[in-house]
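What follows is one structure encoded as structure tokens, with my remarks underneath.
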Amino acid sequence: MQRNHNHTTIVTIEKVIDETPTVRTLVFSDDLMSNVLPGQFAMVWIPGINELPMSVMISNEPGKAAFTVRKHGPASTGLFNIKEGQQIGIRGPYGNSFDLKKGKLLLVGGGTGLVPMMRLLSFVKPTDDVTVLIGAKSKDEVFFEDFANSMLEKNPHKVLVSTDDGSYGEKGFVTDLVEKLVNESHYDGVYVCGPEIMMYKTVQSAHSRGMFVQASLERMMKCGVGICGSCCVGEDLVCRDGTVFDGEHLSSNKEFGHFYRNKAGILEKY
Amino acid sequence: MNQLLYSKLSSLFKVEPSLATSIGKIQLDKPMMLASGILGISLDVFNRLYRSGAGAVVTKSLSTEPWEGYPNPTIFSVKGGGWINAVGLSNPGATNFAKMIESNQTVPIVVSLVGSIPEDFEFMIKQFENCKVTAYELNLSCPHVAKVGLEVGDDPELVRKIVTTSKNSTDVPIIAKVGLGTTHYLNTVSTAIDSGIDAITAINTVRAMAIDVETQRPILSNKFGGLSGTPIKPIALRCVYEISSKYDIPIIGCGGVSTWEDAVEFFLAGASAIQLGSAIGDNWIDVFGEINNGILEYMKRKNYSSIKDMVGLAKKS
Ligand SMILES: Cc1cc2nc3c(=O)[nH]c(=O)nc-3n(C[C@H](O)[C@H](O)[C@H](O)COP(=O)(O)OP(=O)(O)OC[C@H]3O[C@@H](n4cnc5c(N)ncnc54)[C@H](O)[C@@H]3O)c2cc1C
Ligand SMILES: Cc1cc2nc3c(=O)[nH]c(=O)nc-3n(C[C@H](O)[C@H](O)[C@H](O)COP(=O)(O)O)c2cc1C
Ligand code: FES
């Protein structure tokens, strides 16, 4: 019988990979999650602690899936601390996915926003010319650089890193690099996930030049299925209408890039 | 027969049905409303729901101060259908919310309020003085937050004071939302009616829980939550039928409605309008338009011209 994706399924963590001092990848076996589309997410239950939305990571082996988590508040720290052999609950996959164009592609990932970008890489054609931009605060927070290069072995490609403090790669914000690249050449598709201001600037840079651009939004999520309302941005519900939205659509959204809602649902400025 | 005469005659006998309904003094163009707590925190989303066919939207239950609610998991999908939620009434507070809907001229908004003493309700109603509010709904029945909701609904004396104070604070119609607590809900209904309530919404979610067998712990962070969706429909229907059999008060049916047949069942049991929430999780926002169309088709087939023609028909036998 086909699994109802809303029902919590318990999986066992099989491998924990340290990516940086604050980022870990947790690998588990699950057919449904191993086949998700790029951009889709799961609601992840850390028993006794919390439940969080997490992008589903690429799996190299069939039947495997993973989450890559940055330790932040109590919930994500709870997930970060899960050891091999421990169990977590998952439901989903939820949300829509990126609309992958052919040709010259630009993928921009900031922090754990890189996760859906890595998943997207597993769907590109060998003929696509792919540029991946990785944004991080400093050298120790850079991850997935080798992974991106290995995924793109067969493609014409570039993987560029920028760090805010200049300790590795280009110095500055990744959005400065985006602005430079979209000025120099035309991309058939631009994809971004990361902090909202970074996504806002990337969408503006690409959309104002008539390029196809998509961003995967993050909002406070409680249900993941479109009933609690906590994830609304303007009239869109991120968990159900997104998380991926086109630049065209986002440019008419009054809240994107300007406001988010806190846990009580109060609109706050970025 | 001449064509013009024919069409005049047929329009005399076959009236295009109207979805308009009235719940006492409350007039709505369409009978399907969004239930409280579902998608209810943004005016933009309210506009979208209204365009999709909701006759009115009920806001998330608002409190005097902003509340963060419980940590996740706050929602659980029940095998076989339905949801258990313990969101914990997270909301931005009445004052913030009133500011957000001040600019609204289009959408009929029912403001849901939750509190523990009469003064809470008086204070909150005051916050909405500059807003166009269709009605207030007093949440006397949330099953999973201490000191408000069911704990209030279970105390008849408190219900009396809250309804009286709220009625004295505004001319806008006031609805009481009841549920299944420890006091018989019909006693709460009767007290609310005696204190001057304008309508009743029945019912809220039913207290429930879920335990994971692998990790052997309750799934919701609050352990207990409220069951909604298809499993509670027969219970909600029974309550609407009981209330309408016993009292002469306009009723809004709520609980497990997901198809036009469900909606019609509630009309036949005595409801003049219907709220739904969980069905959105399964069928998304289009569910309003789909149910409206189904009701219209049914009315055509049965030759009813207005919702009123159906209300309470199941009690004829
Ligand atoms: C669709 C989606 C995919 C995500 N994918 C990843 C991922 O792959 N890797 C990763 O490390 N993080 C991901 N996140 C972010 C993650 O869900 C948490 O927001 C983050 O880990 C901080 O949580 P915390 O509870 O530890 O922080 P807290 O200290 O509790 O909260 C800090 C802030 O985190 C955010 N937050 C907390 N809980 C939630 C929640 N339930 N939903 C959304 N935001 C919340 C809020 O903005 C909050 O103000 C994703 C978020 C979304 C919405
Ligand atoms: C996620 C969620 C949040 C809810 N929040 C509230 C609330 O704030 N106030 C309230 O009166 N009812 C609340 N309810 C109850 C609903 O308004 C409704 O009474 C119940 O869900 C039954 O209707 P349904 O089966 O169509 O969902 C909530 C229900 C759900 C599922
Ligand atoms: S997370 Fe509940 S509506 Fe999106």
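Computed from the coordinates by the stated procedures, all read-outs in this text should not be read as laboratory data. Computed from a predicted model, the values in this text were never measured in an experiment. Glycine also receives a Cβ, built like all others from the backbone with ideal geometry; neighbour counts cover every protein chain displayed.
Testing A:ASP246 on (1) buried (at least 19 other Cβ atoms within 10 Å of the Cβ); (2) under 16 Å from the mean Cα position of the chain (by Cα); (3) away from ligand 1 (no atom under 12 Å from the Cβ), one condition comes back false. Which one is that?
The number of the failed condition is (1).
Of everything in the range B:25-54 that's more than 14 Å from chain A (Cβ to nearest Cβ) and either within 12 Å of the chain's Cα centre (by Cα) or acidic (Asp, Glu) (or both), which residue is surrounded by the fewest Cβ atoms within 10 Å (Cβ to Cβ)?
B:ASP29
Confirm whether A:VAL203 is within 26 Å of B:SER278 (Cβ to Cβ), away from ligand 2 (no atom under 16 Å from the Cβ), touching a Phe, Trp or Tyr at 6+ places or on another chain (Cβ under 9 Å) and of a type in the set (A, V, I, L, M).
Taking the combined requirement at face value, the residue does not satisfy it.
Pick from the range A:207-216 the residues that are without any contact (Cβ under 8 Å) to a residue 60 or more places away in the chain and surrounded by 24 or more Cβ atoms within 10 Å (Cβ to Cβ): which of them is farthest from ligand 1 (Cβ to nearest atom)?
Out of the qualifying residues, it is A:VAL213.
Can we say A:VAL225 is within 21 Å of A:PRO116 (Cβ to Cβ) and either in contact with an Asp or Glu (Cβ under 7 Å, 6 or more places away or on another chain) or more than 8 Å from chain B (Cβ to nearest Cβ) (or both)?
no
Could you name every one of the helices (runs of 4 or more DSSP H) located completely within the range A:10-127 that has at least 2 residues being touching a Phe, Trp or Tyr at 6+ places or on another chain (Cβ under 6 Å)?
Here the list reads A:114-121.
Just to verify a result, which residue in the range B:61-91, among those that are charged (D, E, K, R) and at the interface with chain A (Cβ under 7 Å from one of its Cβ atoms), is nearest to B:HIS144 (Cα to Cα)?
B:GLU68
Can you say whether B:VAL145 is assigned to a loop (DSSP other than H, G, I, E, B), of a type in the set (Val, Ile, Thr), touching a residue at least 40 places away in the same chain (Cβ under 8 Å) and more than 21 Å from B:ILE274 (Cα to Cα), as far as the supplied structure shows?
Criteria met by B:VAL145.
The rows are residues; the columns are (1) more than 14 Å from chain B (Cβ to nearest Cβ); (2) more than 16 Å from ligand 2 (Cβ to nearest atom); (3) within 30 Å of A:THR175 (Cβ to Cβ); (4) among the polar types (S, T, N, Q).
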site: A:HIS5; (1), (2), (3), (4): no, yes, no, no
site: A:VAL16; (1), (2), (3), (4): yes, yes, no, no
site: A:LEU26; (1), (2), (3), (4): yes, yes, yes, no
site: A:ALA42; (1), (2), (3), (4): no, yes, yes, no
site: A:LEU52; (1), (2), (3), (4): no, yes, yes, no
site: A:HIS72; (1), (2), (3), (4): yes, yes, yes, no
site: A:ASP99; (1), (2), (3), (4): yes, yes, yes, no
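State all residues of the range A:208-219 that are under 20 Å from A:PHE259 (Cα atoms) and either more than 16 Å from ligand 3 (Cβ to nearest atom) or within 14 Å of another protein chain (Cβ to nearest Cβ) (or both); if no residue qualifies, say none.
A:GLN214, A:ALA215, A:ARG219
Take B:ILE197 and tell me if it is part of a loop (DSSP other than H, G, I, E, B) and under 17 Å from the mean Cα position of the chain (by Cα).
Yes: the conditions hold for B:ILE197.
Just checking, does the range B:208-216 include any residue being among the polar types (S, T, N, Q) and crowded, with 22+ Cβ neighbours inside 10 Å?
no
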